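The values are calculated or read from the model by the stated rules, or taken from the named source; none is laboratory data. It should be emphasised that the depicted structure is a prediction, and the values quoted were computed from it without experimental measurement. With ideal geometry, Cβ positions are generated from the backbone for all residues, glycine too; neighbour counts draw on all protein chains shown.
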Amino acid sequence: MDPAIWWYVTRSSAIIAWALMVISVMWGILLATRVMKPKDSPGWLLDLHRWMSGLSVVFVGLHMFSLYMDNFAHFTIPDLFVPFHSQYAKVASLGPWPVALGVLCFYIMIAVQGTSLMMKKLPRKYWKAIHYSSYVLVLVVSFHAGWSGTDVRAWAYRITALVLIFITTVALIVRILFPKPAKTLAATVEGRRPNQNVANKHNLAITKTYSAAAGIMGIDFITPMQEVMPAWVPGSHITLHLPNGLQRQYSLCSDPADRTHYSVAVLNSPNSRGGSSWIHENLKSGMTIEVSGPHNHFELEAAQEYLFVAGGIGITPMKAMIDSLPQRRTWRLLYAGRSRSSMAFVDELVAEHGSRVIVHADDEQGGHPDLDALLAGFDGHVYVCGPEPLLNAMIQRVPAQRLHFERFSAVDRDAGEAEQFEVTLSRSHKTVTVGKDESLLDAINANGGALISSCGEGVCGTCEVRVLKGTPVHLDSVMSDEDKDAIGVMYPCISRSIGKDLVLDI
Ligand code: FES
């Protein structure tokens, strides 16, 4: 065997590992900043980032092994793993520093890789802090490679080194100039769009269940293959298709920019009809469950100033909205509940946002929050989610064009005496007669439709369909009638029509 073979392996594996590290960090930066959006896709960026960094570990291992095998370099095991143990010095004036930095890089790389493999189990802030050391890693590796290789004076090596340093520098500049992923704002990212009654079911794995407050269970979901979660905007909800046949909607309450998982918080309702109680009794970490969505009927519109008003479990969509707002946006949150112990995320919100969060716990302050004082002089947009009395109080005080709300339960809308009517299903070219005692949804499904539904009372929005023609009689509580007409949708589980002119996109 050529006695120099291990020298060749040492040098080539070192250069390949260096290049892979640089490209991996660059890919990580593209993933974090999304500067290539919309041409890129987080899925393949993440896969490539992981593969590159995994491969760089393999080549670093080969580099170290070949150093040990090379009779010329004479590296011992302690030389490879203990900084400053090796006295090898290509540049005499720098002493053992370049090699010692190489050993240090090895440990940083192991820390970054190890924490990435355990990412789902670690608090995100710790993972992030360690992951940021990748930037230090690529810079220190450049120094190690530049001053300890036996071929540092070769032109080919110098050109390669310059290209890698150039890529590293550009990537770091991009990271500094685009420090955050584009925070999602409903109005700018996805816009308002009907859910088209598409079940879009997929399996998600439960990674964590925890007590978010007394009687409230927090649940985190990931895809079974731990892929990047589909994008969503604040105010969105997902539908859990429970094994007992029930479907229940829950607002996503994590940061929409965090695509590693979905989070919901479920109140064990005393009036549960088998949904929330089943979840509290049966859902466990490690289970897989069918989920559809996210869908959104409570979108955060662009505004200069917001007031969020949450009652009890109504905090969940508000939390996602707050997380999605840029730091400098002006907002306040009134969070009302019976007691702090029953208010999910209350400590976290106060700790993170200080005086922007006004907490009203009945057992501390007593009575109701002073909404008039809260609204005095405020002319921004108001978002409300909570029990009916709180919603009604806000509806009485805030003009409709500035008020956005999501209900927990249906409003009793007086529709008068129900009449028989006809509806045309445009895709199947059928005309269906809806009897005065049956719902439009039932009539459609009895005639070959396959509309999904959940609440059956016009609250959840699951059964949404597009209206192509005609004038529906809206009886739901999903959103304002003006909004439904503006985007051309209706909810056939409860809403109806008059006469024969209704045409639906089914
Ligand atoms: S099924 Fe919930 S709105 Fe129709």
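Observations, loosely collected:
- Residue in segment 490-500 that is nearest to the ligand (Cβ to nearest atom), counting only those that are farther than 22 Å from Gln247 by Cβ and at pLDDT 90 or above: Arg496
- Subset of segment 409-425 [in a loop (DSSP other than H, G, I, E, B), more than 16 Å from the ligand (Cβ to nearest atom) and among the acidic types (Asp, Glu)]: Asp414, Glu417, Glu419
- Candidate set from segment 258-280 (those that are more than 20 Å from Pro224 (Cα to Cα) and touching a helix residue (DSSP H, G or I) at 6+ places or on another chain (Cβ under 7 Å)); member that is surrounded by the most Cβ atoms within 10 Å (Cβ to Cβ): Val266
- Flag for Ser477 being in contact with a Gly (Cβ under 9 Å, 6 or more places away or on another chain), in the same structural domain as Ile498 (by TED's automatic domain parsing), crowded, with 19+ Cβ neighbours inside 10 Å and polar (S, T, N, Q): yes
- The listed residue being under 23 Å from Ser324 (Cα atoms), of a type in the set (A, V, I, L, M) and out of contact with any helix residue (DSSP H, G or I) (no Cβ under 8 Å at 6 or more places or on another chain), out of Met225, Met229: Met229
- Residues that are in a loop (DSSP other than H, G, I, E, B) and over 28 Å from the mean Cα position of the chain (by Cα) within segment 474-487 comprise His474, Leu475, Asp476, listed in sequence order.
- Candidates Thr471, Thr462: the one that is touching a strand residue (DSSP E or B) at 6+ places or on another chain (Cβ under 8 Å), modelled with pLDDT of 85 or more and part of a loop (DSSP other than H, G, I, E, B) is Thr471.
- Looking across segment 396-425, the residues that are exposed (fewer than 14 other Cβ atoms within 10 Å of the Cβ) and of a type in the set (A, V, I, L, M) come down to Ala400, Ala415.
- Residue tally, condition of a type in the set (S, T, N, Q), touching a strand residue (DSSP E or B) at 6+ places or on another chain (Cβ under 7 Å) and farther than 26 Å from Val382 by Cα, over segment 214-256: 2
- Filtering segment 426-442 to residues that are surrounded by 19 or more Cβ atoms within 10 Å (Cβ to Cβ) and either outside any strand (DSSP E or B) or within 10 Å of the ligand (Cβ to nearest atom) (or both) leaves Ser439, Leu440, Leu441.
- For segment 216-247, a residue qualifies if it is within 16 Å of the ligand (Cβ to nearest atom) and out of contact with any Phe, Trp or Tyr (no Cβ under 9 Å at 6 or more places or on another chain), and the qualifying residues are His241, Gly245, Gln247.
- Filter result for the condition that a residue is within 16 Å of the ligand (Cβ to nearest atom), within 29 Å of the chain's Cα centre (by Cα), closer than 29 Å to Glu299 by Cα and modelled with pLDDT of 85 or more, over Glu406, Glu388: Glu406
- Residue list for segment 320-354, filter: among the hydroxyl-bearing types (Ser, Thr, Tyr) and at pLDDT below 95: Ser324, Thr330
- Selection of segment 468-480 for residues being over 18 Å from Gln420 (Cα atoms) and within 14 Å of the ligand (Cβ to nearest atom) yields Asp476, Ser477, Val478, Met479.
- The residues listed here are Ile452, Ile487, Ile506; of these, the one that is surrounded by 23 or more Cβ atoms within 10 Å (Cβ to Cβ), over 20 Å from Asp412 (Cβ atoms) and more than 7 Å from the ligand (Cβ to nearest atom) is Ile506.
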